[in-house]
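The values are calculated or read from the model by the stated rules, or taken from the named source; none is laboratory data. These numbers were taken from a predicted model, which means no experiment stands behind them. When we count neighbours, we look across all protein chains shown, and the Cβ atoms used for this are built from the backbone with ideal geometry, even at glycine.
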Amino acid sequence: MGKSYKEIIELLDCNQTMIWRNVKKYEEFGLDSLLQETRGGRNHAYMTVGEEKAFLARHLKAAEAGEFVTIDALFQAYKKELGRSYTRDAFYQLLKHHGWRATSRTS
């Protein structure tokens with residue numbers, strides 16, 4: 001029977017519209033239609049994946065060295081490095097994409 005839309009969305013970290021579109025494409029044109037997709041992603045990215053990883057690695061080193069790194073500090077540093085405005089929601093997506101998650105400091 002397969003997975004539900006909700007399970008697929010969570011597994012692929014994408015939105016419901018994308019799932020519906022791909023299911024319809026599969027039903028109409030078969031598996032090959034999904035494998036032949038040539039559109040690129042990240043069309044609105046301001047940094048390459050490598051640049052994002054390098055940015056986050058610098059801040060991870062600071063955190064590992066005992067510095068308390070907050071999301072706000074990361075967000076401000078990211079905007080400064082970009083030299084332009086950036087939404088907080090998009091920044092949270094960037095962190096999620098790279099496997100970062102919030103933790104709390106225990107006393």
Q: Please work out if GLU81 is of a type in the set (Asp, Glu) and surrounded by 13 or more Cβ atoms within 10 Å (Cβ to Cβ).
A: yes
Q. When you look at GLU7, is it acidic (Asp, Glu), at negative phi and in contact (Cβ under 8 Å) with a residue 12 or more places away in the chain, yes or no?
A. no
Q: Could you tell me which numbered condition GLU27 fails, if it satisfies all but one of (1) within 22 Å of the chain's Cα centre (by Cα); (2) assigned to a helix (DSSP H, G or I); (3) exposed (fewer than 13 other Cβ atoms within 10 Å of the Cβ)?
A: (1)
Q. Quick one: what pairs do we get from segment 21-33, first residue without any contact (Cβ under 8 Å) to a residue 40 or more places away in the chain, second in a helix (DSSP H, G or I) and among the charged types (D, E, K, R), C-beta under 8 Å, 6+ apart or different chains?
A. SER33/LYS25
Q. Just a yes or no: is a residue in segment 32-43 within 18 Å of the chain's Cα centre (by Cα) and farther than 22 Å from ASP13 by Cα?
A. no
Q: Tell me which residues, restricted to segment 30-45, are modelled with pLDDT under 85, surrounded by fewer than 12 Cβ atoms within 10 Å (Cβ to Cβ) and part of a helix (DSSP H, G or I).
A: LEU35
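Residue by residue, here is whether (1) under 17 Å from the mean Cα position of the chain (by Cα); (2) assigned to a helix (DSSP H, G or I) holds:
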position	(1), (2)
GLY50	yes, yes
GLU67	no, no
ASP72	no, yes
PHE75	yes, yes
TYR86	yes, no
PHE91	yes, yes
THR103	no, no
Q: Evaluate segment 43-64: report whether one residue or more is on the phi > 0 side of the Ramachandran plot and not aromatic (Phe, Trp, Tyr).
A: no
**Q.** Condition met for ALA45 (without any contact (Cβ under 8 Å) to a residue 24 or more places away in the chain and small (Gly, Ala, Ser))
**A.** yes
Q: Could you pull out the residue among ARG101, ARG88 that is in contact with a helix residue (DSSP H, G or I) (Cβ under 9 Å, 6 or more places away or on another chain) and exposed (fewer than 10 other Cβ atoms within 10 Å of the Cβ)?
A: ARG101
